[in-house]
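Okay, handing you the structure first.
The values are calculated or read from the model by the stated rules, or taken from the named source; none is laboratory data. The shown structure was predicted, so the numbers you read here are calculated from the model rather than taken from an experiment. When we count neighbours, we look across all protein chains shown, and the Cβ atoms used for this are built from the backbone with ideal geometry, even at glycine. Please note that ligands, DNA and RNA were not included when accessible areas were found on the heavy atoms of the full protein model with its side chains. Shrake-Rupley method; radii C 1.70, N 1.55, O 1.52, S 1.80 Å.
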Amino acid sequence: MLSTFFVNLCVMITFMYVSGIIAKFYRIRVPFPSMRVQMIGGLLFGIYGTVLMNYSFPLNETTIVDLRHLAIVTAAVYLGGLASVISGLVISILRIIMFGMSSAAIDAAFVMTIIGLSGVYFAYAPWSRLTKIITMNLLGMTLIFVILMLNTTSMNSLLKVYPLQMTISFVGGIFIYFIAEFINKSNEMLFLLERKATTDHLTNLSNRRQFEKSLEFELERAREYKQKLSLLVIDIDRFKKVNDTFGHTSGDAVLKQLGQLLIEHARSADIVSRNGGEEFAILLLDCGHHQAMAIAESIRQSVEKYHFALPDGNTIRLTISIGVAVFPDHCDDRDDNDFFEQADRALYEAKNTGRNRVCAIPLRSRSLSSGQSSF
């Protein structure tokens with residue numbers, strides 16, 4: 001009997017590690033999972049609880065004892081109320097399917113469903129996760145004891161099994177808590193490191209490394225689906241003067257505000273990045289020449305009118321220059337680097353012809369355009 005409960009615990013711990021690997025692979029943030037994640041997680045923990053029934057201890061001909069309720073407890077505390085309800089229902093249904101219809105099976109299904117529903121409250125209660133696990137575990141064991149009492153004619157048998165089940169369930173809940181917290185913190189550290197590796201620390205935009213990956217991916221997709229892909233390369237005019245006059249702290253404040261302006265004027269699917277210093281870039285997905293020029297001009301005008309707030313309370317106004325390139329109109333279809341180089345050439349043309357303007361290479365030509373932006 002002790003070995004059976006120990007196997008229950010080992011199986012549950014194994015499932016926790018498997019779930020941690022899945023969470024890491026799909027980049028699931030545990031504190032606030034989406035509805036989709038809760039549905040998938042609830043189904044998985046329902047299956048975990050069902051597997052535990054295969055390592056149960058028979059109390060009599062129709063009643064089995066195990067730790068399946070811990071799967072529901074874990075789903076509630078680490079995924080949410082929806083996951084708790086789904087896992088409880090899955091365990092209830094599979095209990096009847098696997099072991100047949102009986103009064104004990106119906107009672108057990110009822111208890112698992114009640115535990116699952118109670119998880120809705122526990123999931124969002126303002127308690128620590130350890131408190132939630134202990135309290136929900138005790139509630140589950142109390143309900144299980146009532147059902148076991150109703151389905152056995154031998155209290156002696158029940159009293160021999162239940163104290164051990166209660167003890168191992170309590171210890172198991174504590175073990176699950178520490179393992180889940182370890183997995184959670186490990187995953188969060190991994191996510192943080194990944195974010196730092198791909199995000200500009202000042203503006204929270206994509207950094208140069210992530211931009212290059214996104215550019216490669218989007219170019220391949222544009223080729224595959226024969227779509228237009230536009231690139232805006234943006235540079236702040238005379239930004240060195242801002243740093244020299246007001247200091248680097250003010251320069252950083254300007255960069256942050258410009259990053260936010262670019263996000264506001266880009267479309268939701270577009271990719272905005274800071275590629276270093278005062279240079280930014282925007283990948284406009286499924287976007288042709290005329291639309292890209294219109295977006296670029298809208299950004300230029302908005303920046304020109306914007307009052308950038310400095311840390312000392314003063315404000316300044318700036319301008320930007322933008323180079324535009326469109327795939328495949330402006331570049332070699334087989335050379336990924338050529339796409340960025342054409343946008344960069346257009347940016348230098350904007351700088352050399354007076355700044356505060358949008359320039360693009362004329363379609364079907366490699367000669368550079370000059371003057372203010374054209375549409």
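Among the listed residues SER214, SER186, SER154, SER206, which satisfies the condition of being of a type outside the set (A, V, I, L, M, F, W, C) and touching a Leu at 6+ places or on another chain (Cβ under 7 Å)?
Working: SER186 fails: touching a Leu at 6+ places or on another chain (Cβ under 7 Å); SER154 fails: touching a Leu at 6+ places or on another chain (Cβ under 7 Å); SER206 fails: touching a Leu at 6+ places or on another chain (Cβ under 7 Å).
When all the criteria are applied, what remains is SER214.
A further question follows. Which one is modelled with the highest pLDDT, of the residues in segment 92-106 that are assigned to a helix (DSSP H, G or I) and surrounded by fewer than 20 Cβ atoms within 10 Å (Cβ to Cβ)? Lay out the reasoning, then the answer.
Here is the first cut: in segment 92-106, the ones assigned to a helix (DSSP H, G or I) are 92-99, 103-106.
Imposing the further condition that a residue be surrounded by fewer than 20 Cβ atoms within 10 Å (Cβ to Cβ) reduces the set to 93-94, 96-99, 103, 106.
Values: ILE93: 94, LEU94: 91, ILE96: 89, ILE97: 89, MET98: 84, PHE99: 78, SER103: 84, ILE106: 89.
Per the criteria, the residue is ILE93.
Based on this model, can you work out whether SER273 counts as more than 15 Å from SER298 (Cα to Cα), of a type in the set (S, T, N, Q) and crowded, with 20+ Cβ neighbours inside 10 Å?
On the way: more than 15 Å from SER298 (Cα to Cα): yes; of a type in the set (S, T, N, Q): yes; crowded, with 20+ Cβ neighbours inside 10 Å: yes.
Criteria met by SER273.
Shifting gears a bit: Taking into account only those residues within segment 136-167 that are among the small types (Gly, Ala, Ser) and in a helix (DSSP H, G or I), which is most open to solvent (accessible area, probe 1.4 Å)?
SER157
Hey, does segment 328-344 have a residue that's within 15 Å of GLU297 (Cα to Cα), over 33 Å from the mean Cα position of the chain (by Cα), part of a loop (DSSP other than H, G, I, E, B) and not acidic (Asp, Glu)?
Looking for residues that are within 15 Å of GLU297 (Cα to Cα), over 33 Å from the mean Cα position of the chain (by Cα), part of a loop (DSSP other than H, G, I, E, B) and not acidic (Asp, Glu), one finds none in segment 328-344, hence no.
Quick check: is even one residue across segment 255-270 within 18 Å of the chain's Cα centre (by Cα), open to solvent by 100 Å² or more (accessible area, probe 1.4 Å) and of a type in the set (S, T, N, Q)?
Among the residues of segment 255-270, at least one is within 18 Å of the chain's Cα centre (by Cα), open to solvent by 100 Å² or more (accessible area, probe 1.4 Å) and of a type in the set (S, T, N, Q), which makes the answer yes.
Tell me which residues, restricted to segment 230-271, are part of a helix (DSSP H, G or I), closer than 26 Å to SER214 by Cα and of a type in the set (D, E, K, R).
ASP252, LYS256, GLU264
Now, a different point. Among SER321, SER298, which is farther than 18 Å from ALA222 by Cβ and in contact with a Lys or Arg (Cβ under 6 Å, 6 or more places away or on another chain)? Show your work before the answer.
Numbers: SER298 fails: in contact with a Lys or Arg (Cβ under 6 Å, 6 or more places away or on another chain).
When all the criteria are applied, what remains is SER321.
Now a separate question. Which of the residues spanning segment 77-91 are in a helix (DSSP H, G or I) and open to solvent by 10 Å² or more (accessible area, probe 1.4 Å)?
Here is the first cut: in segment 77-91, the ones in a helix (DSSP H, G or I) are 77-78, 81-91.
Result: VAL77, TYR78, LEU82, VAL85, ILE86, LEU89, VAL90.
If a residue must be under 13 Å from ALA75 (Cα atoms) and open to solvent by 20 Å² or more (accessible area, probe 1.4 Å), how many such residues does segment 114-130 contain? Walk me through how you get there before you give the answer.
Filtering segment 114-130 down to residues under 13 Å from ALA75 (Cα atoms) leaves 115-124, 129.
With open to solvent by 20 Å² or more (accessible area, probe 1.4 Å) added as a condition, the list becomes 117-118, 120-121, 124, 129.
Final tally of qualifying residues: 6.
If only one of SER370, SER302, SER365 is of a type in the set (Ser, Thr, Tyr), open to solvent by 50 Å² or more (accessible area, probe 1.4 Å) and either modelled with pLDDT under 95 or out of contact with any strand residue (DSSP E or B) (no Cβ under 9 Å at 6 or more places or on another chain) (or both), which one is it?
From the options SER370, SER302, SER365, the qualifying one is SER370.
Being in contact with a helix residue (DSSP H, G or I) (Cβ under 7 Å, 6 or more places away or on another chain) and among the charged types (D, E, K, R) narrows it down to one of GLU264, GLU278, so name that one.
Values: GLU264 fails: in contact with a helix residue (DSSP H, G or I) (Cβ under 7 Å, 6 or more places away or on another chain).
The match here is GLU278.
Also, quick follow-up: Which condition from (1) buried (at least 18 other Cβ atoms within 10 Å of the Cβ); (2) not in a strand (DSSP E or B) is the one that ALA281 breaks?
(2)
Could you tell me which numbered condition PHE32 fails, if it satisfies all but one of (1) at pLDDT below 65; (2) over 12 Å from the mean Cα position of the chain (by Cα); (3) of a type outside the set (A, V, I, L, M)?
Looking at each condition in turn, PHE32 falls short on (2).
Can I ask one more? (1) out of contact with any Gly (no Cβ under 8 Å at 6 or more places or on another chain); (2) at pLDDT 90 or above; (3) among the small types (Gly, Ala, Ser): which one isn't true of ALA71, the others all being true?
(1)
Same structure again: Among the residues of segment 198-221, is any more than 19 Å from LEU347 (Cα to Cα), part of a helix (DSSP H, G or I) and more than 26 Å from the chain's Cα centre (by Cα)?
no
Within segment 168-182, which residues are open to solvent by less than 20 Å² (accessible area, probe 1.4 Å) and either among the polar types (S, T, N, Q) or more than 22 Å from SER3 (Cα to Cα) (or both)?
SER169, ALA180
Here are some conditions: (1) out of contact with any Ser or Thr (no Cβ under 9 Å at 6 or more places or on another chain); (2) in a helix (DSSP H, G or I). ILE183 meets all but one. Which one does it not meet?
Single failed check for ILE183: (1).
What are the residues in segment 183-193 that are open to solvent by 30 Å² or more (accessible area, probe 1.4 Å) and touching a residue at least 60 places away in the same chain (Cβ under 8 Å), if any?
SER186, GLU188, LEU190
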